[in-house]
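What follows is a set of notes on a single structure, which appears directly below.
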Amino acid sequence: MKRVRIHAGNVGLVFKNGDYKRVITQGAHWLMFNESVITYSLTSAFNAPKALDILLKDDALANKLHVIDIEDNQIVLVYSNNNFKHVLTAGRHAYWKGVIDYKFITVDFNNITIPNTIDKALYTNNALRQYIRSFEVAAHEKAVMIVDDTFDKILDHGTYHFWRNNQTIKIAKADLRQLQLEIAGQELLTKDKATVRINFYAQYKVTDIETALMRNKDYEKQLYTNLQLALRSFVGTYTLDELLDQKDNIAKAVLEDVKTQATKLGVNVLHTGIRDVILPGDMKDIMNQVLIAQKKAQANVVTRREETASTRSLLNTAKLMEDNTMLFKLKEMEYVEKIADKIGEITVAGNGNVIEQLKDIFSVNK
């Protein structure tokens, strides 16, 4: 016989000729011939030297162990004294009771939702993050969550974590801010067969994310097409001059026309406008010629109006002078003064009256 001692915090398993016999705890023990003991620390996981199922047939040993059975679609999170330690995968595992306060949380991968009992700080832990998939929805976005190609729910902004299993998870996002759609360089034909290029824009917001993303494919492309067709339809009913004059009215008409169709896309169109109407080069030359001709015609009208007014004024003056001799003489003196300003020297000879001589020089026979 031989004597062995099991120290505090340890336990021993006694074997005889390789067969398990019993468990011994702290203290001194006598072993028979051909018996041996394997000592284990109660602070470590129990790694069975034999098949664990055989050892657990001993109730004394089984009562000293936490036995955790894990299925293929499960993992277990191990906590010791409320601190996370590691992850256990499928199989049977055992931990000693008595010294360390263990807690075991079983995760079933048939459910993708991570329970609130698991601290979010562990999501980035090296041991756990391989089992987690994460999705982020920005502050200006909403998203639809699709599980196994089936709509599940709408996600507001935030970061979302799910268990990684054989289910597929897809996240489709939509921007909830006011957006702008540009329709640039559209070649359109007016009512009078003039070809123009129009730059058009529309401002809109996504109001129903489920309708936009789940009930419509490429809602932005569909909105673009609806705006394009409405613009083409309205431009075709206006002549070029009307188009240039009524751009705002056309934009409003397009807005009203597409609003109902946009609602079916989960979108609200807020404003539309024609940014530019671009004419071909030859059309520009023609328009410039028309503009020049119009301005010349306006200038001629003004000139004729001024000439008519001047002639009418002269006629009125002549009638007044015809009836008033003194006024005629004053007018003569006015013209003499104007002419004299432009003559350097005037020589008057004889004894005649100076005024009469000047009159003879400058007067015109009536």
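Since every read-out is calculated from the coordinates, none of them should be taken as a lab result. Just so it is clear, the structure is predicted and the values come from calculations on it, not from any experiment. Heads up, the Cβs are rebuilt from the backbone with ideal geometry, glycines too, and the neighbour counts pull from every protein chain shown.
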- Which value in Å is the Kirkwood Rh of the range 179-279 over different Cα pairs? 13.8
- Message: Students often get this wrong, so check it: of 120/153; 191/296; 217/252; 103/170; 296/319; 103/153, which have C-alpha atoms separated by over 23 Å?
- Response: 191/296; 217/252; 103/170; 296/319; 103/153
- Message: How large is the Kirkwood hydrodynamic radius of the range 119-213, counting all unique pairs of alpha carbons, in Å?
- Response: 16.9
- In debye, nearest 20: dipole of the range 179-279 around its Cα centre with unit charges on the Cβ of K, R (+) and D, E (-)? 240
- Message: Once you place label points 7 Å from the Cα toward the Cβ at residue 211 and residue 83, how far apart are they in nm?
- Response: 5.6
- Report, to two decimal places, the Cα Rg of the range 8-93 normalised by 2.2 N^0.38 Å (N = number of residues). 1.24
- Item | J(HN,Hα) series, the range 16-28, from Karplus relation 6.51 cos²θ - 1.76 cosθ + 1.60, nearest Hz, glycine and proline x | 10, 6, x, 9, 5, 10, 6, 10, 10, 10, 3, x, 9
- DSSP-assigned coil residues among trypsin sites (Lys or Arg not before Pro) in the range 45-77, each with at most 14 further Cβ atoms within 10 Å: 50, 57
- Alpha carbon centre of the range 174-238 versus the range 81-136: separation in Å? 52
- Cα-Cα separations in the range 34-168 greater than 26 Å, expressed as whole percent: 39
- Item | ³J(HN,Hα) computed for each position of the range 198-206 - Karplus, 6.51 cos²θ - 1.76 cosθ + 1.60, integer Hz, glycine/proline x | 10, 9, 10, 9, 9, 10, 8, 9, 7
- Query: Excluding residue 147 itself, what net charge comes from residues whose Cβ is under 14 Å from its Cβ, given Lys and Arg +1 and Asp and Glu -1?
  - Reply: +1
- Query: Expressed as a rounded percentage, what relative contact order does the range 165-276 have, with Cα pairs under 8 Å and six or more residues apart?
  - Reply: 34
- DSSP loop chymotrypsin sites (Phe, Trp or Tyr not before Pro) in the range 188-228 with at most 14 other Cβ atoms within 10 Å of their Cβ, which ones? none
- Using θ = phi - 60° and the Karplus curve 6.51 cos²θ - 1.76 cosθ + 1.60, what whole-Hz ³J(HN,Hα) does each residue of the range 246-260 get, with Gly and Pro shown as x? 10, 4, 5, 5, 5, 4, 5, 5, 4, 4, 5, 6, 8, 4, 5
- Note on the structure: Candidate cut points under chymotrypsin sites (Phe, Trp or Tyr not before Pro) in the range 69-133, DSSP loop plus at most 16 other Cβ atoms within 10 Å of their own Cβ, are 109
- Around residue 122, what is the net charge, scoring Lys/Arg as +1 and Asp/Glu as -1 over all other residues with Cβ under 12 Å from its Cβ? +2
